[in-house]
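Engineer: Okay, here's the structure, questions in a sec.
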Amino acid sequence: MVLLPGGIPAYADGSAQESGISATESRLQELVEDKAALGFYYDERRDDYVVVLPATGHGSVGVAADFTLNGSAPTVKRSSTTQAAIDEFDRRIRAEAQRDKAAGHVFGSAFDLVRDVMAVTTDAPQDVVRSLSAGLPITVEHRHGTGGRNSRQYDSIPFRGGAAVTVGTAQCSSGFTVKSPQGDRYLLTAGHCGYVQGVPMGRPVSNTGSGENMGYFYNWNYPTRDIGLISRLNSAGVYGHHIYVGNATGTVKRVSGASDPVVGGTGYCRSGVSSFEQCGNRVVGTSGQLCDAAGCTQNLVTYDQGAASLGGDSGAPLYTYNSDRSAVVVRGIHIGIVGTTYYAEKWSLIASSQGVSIATSTP
């Protein structure tokens, strides 16, 4: 047995040992497969699991009893679609990508259990997307976007900041790479992205588009600090010195340093997986507070102006460009929005609370 950061027990492959909570999830997954449900997810607001059933079948459902574990029954709800419709939609995407290779269109799709929609991001024309769902009992959410195997959605080693990360059902953005005094490297994200009360640290993190394992999630003091570390054993070369900037696909810029933002300064940028790169932000203060049902996080950067952040941007790097725009200086990570004010963890508190320094790249 080895220890992950923070002394978390792990198997030799780096995965955290299964706890009572993860054992419950494993058993629930077995029941979902046995009963031909579409899947399940964890509802943080209700502190309960939700099993999603297909639109047809399971004649007696609402039978939460079918999924009862240790005397506790999860919430059960019925989708508006079926597994057959989801499978057929995916098959049509594969056929379309094969049919028109010359066009080079990319398709990213996933069925969102929580919202009961098939989310599709593609640069293909609207009529192509409509044809994919023709005659199927399925709701499609179409987003225009470009990408591929090396983009925000399809990030790969060395993993970069500003990319799409998934922890459980949470989808967020990666921040930037830091290092410990011993030389171990970590990729930052927001602490709330992987935090579930009662669930142990060490949950796997994947790139949202490719599903590639990025490491395991750790947070020691949420909500006091809203900072998460993504870590893998033998991390050398796993986490890069660049962040994605620009549009949905993203180009990369190297990280040349880190420092706190200056109150009143403008020209600050944020680069997340949902709103992409947004610049022209103004720093209002560096001692803000954000409170919600989870608790309060203090001494935050508050900033405004620029385009609003969107769901999935949590963890995104906040930064400024150097004079020739060949590199960026990171200033913190974005964690939330209330009204028209944005909130971010500042660099100095990231460094001091996590015991890390910035990992930089030279030209």
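The values are calculated or read from the model by the stated rules, or taken from the named source; none is laboratory data. What you see is a predicted model, and the numbers here were worked out from it, not measured in a lab. When we count neighbours, we look across all protein chains shown, and the Cβ atoms used for this are built from the backbone with ideal geometry, even at glycine.
Engineer: In the range 253-296, how many are in contact with a strand residue (DSSP E or B) (Cβ under 9 Å, 6 or more places away or on another chain), in contact (Cβ under 8 Å) with a residue 60 or more places away in the chain and part of a loop (DSSP other than H, G, I, E, B)?
Structural biologist: Number satisfying all stated conditions: 5.
Engineer: Among the residues in the range 246-260, are any in contact with a Cys (Cβ under 8 Å, 6 or more places away or on another chain) and surrounded by fewer than 24 Cβ atoms within 10 Å (Cβ to Cβ)?
Structural biologist: no
Engineer: Might you let me know whether the range 175-183 holds any residue that is within 18 Å of Glu277 (Cβ to Cβ), touching a Phe, Trp or Tyr at 6+ places or on another chain (Cβ under 7 Å), surrounded by 20 or more Cβ atoms within 10 Å (Cβ to Cβ) and polar (S, T, N, Q)?
Structural biologist: Among the residues of the range 175-183, not one is within 18 Å of Glu277 (Cβ to Cβ), touching a Phe, Trp or Tyr at 6+ places or on another chain (Cβ under 7 Å), surrounded by 20 or more Cβ atoms within 10 Å (Cβ to Cβ) and polar (S, T, N, Q), which makes the answer no.
Engineer: I'd like to check something: does the range 297-309 contain any residue that is in contact with a helix residue (DSSP H, G or I) (Cβ under 8 Å, 6 or more places away or on another chain) and either outside the structural domain of His241 (by TED's automatic domain parsing) or not in a strand (DSSP E or B) (or both)?
Structural biologist: The answer is no; no qualifying residue exists.
Engineer: I've got another one for you. Any idea which of (1) touching a residue at least 12 places away in the same chain (Cβ under 8 Å); (2) more than 21 Å from Val245 (Cα to Cα) is the one Gly339 doesn't satisfy?
Structural biologist: So the condition that Gly339 fails would be (1).
Engineer: Considering each of Thr297, Thr340, Thr320 in turn, give the residue that is touching a Cys at 6+ places or on another chain (Cβ under 9 Å) and within 30 Å of Asp112 (Cβ to Cβ).
Structural biologist: Checking each option against the conditions leaves just Thr297.
Engineer: Do you know which residues across the range 216-249 are free of Cβ contacts under 8 Å to residues at least 60 places away in the same chain and either out of contact with any helix residue (DSSP H, G or I) (no Cβ under 6 Å at 6 or more places or on another chain) or outside any loop (DSSP other than H, G, I, E, B) (or both)?
Structural biologist: Correct list: Phe217, Asn234, Ser235, Ala236, Gly246.
Engineer: Now a separate question. Among the residues of the range 310-363, write down those that are crowded, with 17+ Cβ neighbours inside 10 Å and assigned to a loop (DSSP other than H, G, I, E, B).
Structural biologist: Gly312, Asp313, Ser314, Gly315, Ala316, Val356, Ala359, Thr360, listed by residue number.
Engineer: So if I check each of Arg185, Arg160, which one is basic (Lys, Arg), more than 23 Å from Arg45 (Cβ to Cβ) and within 15 Å of the chain's Cα centre (by Cα)?
Structural biologist: Exactly one residue qualifies, and that residue is Arg160.
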